[in-house]
Amino acid sequence: MTDKSDVKLWEQIRRHKLAYYYILPSAIVMALITAFPILYQVWMAFTNFNISNLRNPHPQFVGFANFIKIFTNQVPLENFNFWRTFAFNVVWTFANVFLHVAIGISLAVALNAPRLALKKVYRTLLVIPWAVPSYISALIWKNMFDVDFGAVNQILSSILGHAAKIPWLTNPNAPIKILPFLSYAFYADLITNVWLGFPFMMVVATGALQSIPQEIYEAAEIDGVNERGKFFKITLPLIRSAMLPAIMLGIVWTFNQFNVIYLVSGGGPLGTTEILVTQAYKIVNPGGLYGIASAFGLIVFFILLGITLITNRVTRATESEI
Amino acid sequence: MKRQTIERLKHIYLHAYIIFWILIAIFPVIWIVSMSLNPVNVLRPTTLQIIPKNATLEAYKKVLTRPYEAYPVPFVKLLFNSLFVAGGTALLSVALASTAAYAFSRFRFPGREIGLLGFIVTQMLPATATLAPLFVILTLLHIRNTLYGLIVAYASGSVPFAIWNLKGYFDTVPKELEEAALVDGCDRHQAFTKIILPLSIPAIAVTFLFGFMNGWMEWMLAWTFLTKPTNFTLAMTLYNMQGQWNTPWSQFAAFSIIISLPVMVVWFLLQKYIISGLTLGAVKG
């Protein structure tokens with residue numbers, strides 16, 4: 001029985017020989033530069049691979065020592081704390097995605113008002129943050145958060161009428177006392193990333209709103225439904241299924257938002273704004289702890305896999321509800 | 001009459017709300033432009049003015065002649081490195097992806113589903129998570145400290161997306177065209193190079209530009225892998241400027257604008273593709 005299906009499989013493979021020829025070049029390169037590094041990473045994660053092994057790649061096997069070091073915060077780097085980083089990463093992701101979606105939908109709804117002038121111009125201007133490379137915007141915002149010369153404090157000063165000297169990137173304390181684990185730098189990162197991310201959600205929501213016929217709103221108006229009711233009873237439920245995939249994508253993006261965290265706050269002060277991917281980077285550069293970095297990368301991979309599976313399930317569940 | 005006034009009031013409110021967000025959206029852009037016009041001798045400007053006093057293009061001139069204070073690497077060399085890396089990445093990923101995408105689009109062979117899925121899964125790992133093995137392997141191959149090593153590393157990141165993008169386009173090209181060619185005596189290879197590829201030039205161009213933009217803006221791997229200033233790219237130079245305390249902000253601003261302007265122009269040209277690609281990809285999961 002197995003023999004027969006083997007023959008069939010072989011026959012099929014032979015029949016599609018050409019297909020494999022076409023895939024071969026990219027498969028070889030991907031195997032060399034993606035699959036092989038991942039396997040190599042699994043091996044490295046169980047060794048004490050460090051800078052000296054770059055010349056002589058025969059590190060010692062250390063079992064689960066790297067993982068234990070990570071989970072017990074024994075990694076020899078300043079301010080290393082896996083659990084705080086992980087918790088912060090989750091808070092960071094949800095705060096951002098919530099604001100992205102709220103602002104994005106509110107703007108899309110505003111732009112969807114019938115007979116509103118200048119819609120096209122408004123839309124073009126509002127997607128500008130998306131068009132600027134995130135690397136550049138992060139560096140620009142970092143400069144804007146400078147205590148003495150940054151634009152943010154200067155604007156606040158002119159609004160308040162006295163000199164505002166908010167230590168955005170230097171003070172590890174929390175400005176909002178009921179959220180003691182969120183330093184000033186968190187808010188600087190948050191403002192930057194909200195600025196960066198709301199246009200995407202706005203564009204997705206705009207697309208979703210096109211599919212709602214205007215007649216539904218007119219009918220609701222005749223029935224005496226107010227603006228609020230229209231939004232919560234008609235708009236939100238009808239755009240939800242189109243928004244969910246974008247929200248999932250947003251969650252994964254924000255969870256791995258390296259550029260904003262690394263360039264604006266650098267994970268500091270005192271590691272208060274470190275997320276997993278910036279920590280992973282620092283273990284390699286300047287840390288040079290390749291073995292631990294590999295273990296850390298594997299942990300990040302499984303966390304991401306978990307998030308993807310959970311969000312996938314949530315999306316499916318809510319979809320079947322409708 | 002009354003209805004109209006209500007709508008007008010509502011519109012005033014909406015305009016105000018939208019304009020508020022537009023101001024926020026464009027403020028950093030205006031700020032960076034105004035910053036770049038500052039005289040070079042001002043290390044950090046202390047006042048907010050859209051057109052600063054003694055506005056000058058001095059900063060642009062400075063970064064175009066000597067972008068690196070510490071090393072005499074000319075701008076042209078950095079530009080060449082950036083173009084080489086970005087162009088190489090784009091070419092390599094299009095070359096690798098187009099044949100693979102063709103196979104995935106036209107043949108139903110064993111392993112097709114797993115192959116497509118495998119390309120997606122590799123995309124899930126953020127670059128920093130695979131940084132350690134990539135660094136070690138490229139070092140052992142003696143290409144880590146070269147632009148070629150960088151191209152190989154970038155291509156591995158952009159090939160999966162390129163395959164999906166091209167496969168989606170190949171799917172829309174009617175099969176009958178190839179079948180007719182096969183009947184007329186073409187072989188598969190000719191059908192691919194003479195019919196599918198020329199018909200897919202728009203999709204190939206878009207894929208090429210995506211690869212190019214990735215290579216153009218990436219700084220993190222480059223900063224980790226390259227050590228010789230003569231190999232540095234424009235994006236790395238900007239990151240380095242940020243680190244140097246004595247670089248005037250006007251030069252940083254001018255350099256940012258020079259680097260990002262081409263990317264922004266390409267982005268607005270490709271806007272439709274980017275949006276449809278992302279939302280489609282998201283819907284398909």
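All distinct Cα pairs of the stretch B:108-154 go into the 1/r average, and the inverse of that average, the Kirkwood radius, is 12.4 Å. With kT/(6 pi eta Rh) evaluated at 25 °C and eta = 0.890 mPa s, and Rh the Kirkwood radius from Cα pairs, the stretch A:225-322 diffuses with a coefficient of 152 µm²/s according to Stokes-Einstein.
Near residue A:47, the amide H atoms lying under 5 Å from its own belong to A:62; only residues 5 or more places off or on other chains count, and H is placed 1.01 Å from N.
Just round it to a whole percent: the fraction of Cα-Cα distances in the stretch A:47-119 exceeding 16 Å. The proportion of pairs with Cα distances above 16 Å equals 71 percent. The HN-Hα couplings worked out from phi for the stretch A:185-200 by the Karplus form 6.51 cos²θ - 1.76 cosθ + 1.60 (θ = phi - 60°) are 4, 4, 5, 5, 4, 4, 4, 4, 6, 5, 4, 5, x, 5, x, 4 Hz, whole numbers, x standing for Gly and Pro. Normalised by 2.2 N^0.38 Å, where N is the number of residues, the C-alpha radius of gyration of the stretch A:212-260 stands at 1.67.
For chain B, the relative contact order works out to 30 percent when only alpha carbon pairs closer than 8 Å and six or more residues apart are counted.
For the stretch A:165-234, the relative contact order comes to 17 percent (Cα pairs under 8 Å, sequence separation of at least 6).
Only the Cβ atoms of Lys and Arg (+1) and of Asp and Glu (-1) were treated as charged; on that basis the dipole of chain A about its Cα centre amounts to roughly 440 debye. Size of the stretch A:253-300 from its Cα atoms: along the principal axes, largest to smallest, the extents are 27, 22, 15 Å. Free of any trypsin sites (Lys or Arg not before Pro) that DSSP assigns to a loop and that have at most 12 other C-beta atoms within 10 Å, the longest stretch within chain A is A:178-322. Considering only alpha-carbon pairs that sit under 8 angstrom and 6 or more positions apart, the relative contact order computed for the stretch B:1-156 is 16 percent. Here the alpha carbons of chain B define both size measures, Rg and Dmax, at 24.1, 79 Å. Taking a threshold of 19 Å on the Cα-Cα distance, which of the pairs B:10/B:272; A:142/B:228; A:142/A:165; A:142/B:61; A:119/B:272; A:69/A:282 fall above it? Too far apart for the 19 Å limit: B:10/B:272; A:142/B:228; A:142/B:61. Sorted into 10 angstrom bins from 0, the C-alpha pair distances of the stretch B:148-285 split as 10, 29, 28, 20, 9, 4, 1 percent. Computed over the alpha-carbon atoms, chain A gives an Rg to Rh ratio of 1.07, Rh here being the Kirkwood radius from the mean inverse distance.
Once Rg and the Kirkwood radius are both taken over the C-alpha atoms of the stretch A:147-225, their ratio Rg/Rh works out to 1.26. For the stretch B:77-205, what percent of Cα pairs sit more than 25 Å apart? So the portion of pairs separated by more than 25 Å is 38 percent. Each helix, a run of at least 4 DSSP H residues, gives -39500 (n - 2.57); summed and divided by the residues of chain B, these come to -24000 deg cm²/dmol at 222 nm.
Cα-based values for the protein assembly as shown, radius of gyration first and Dmax second, are 26.2, 86 Å.
Just so you know, all these numbers are worked out from the coordinates, no wet-lab data involved. This structure is a prediction, so every number in the text was calculated from the model and none was measured. Note: ideal-geometry Cβ built from the backbone for every residue, glycine included; neighbour counts use all protein chains shown.
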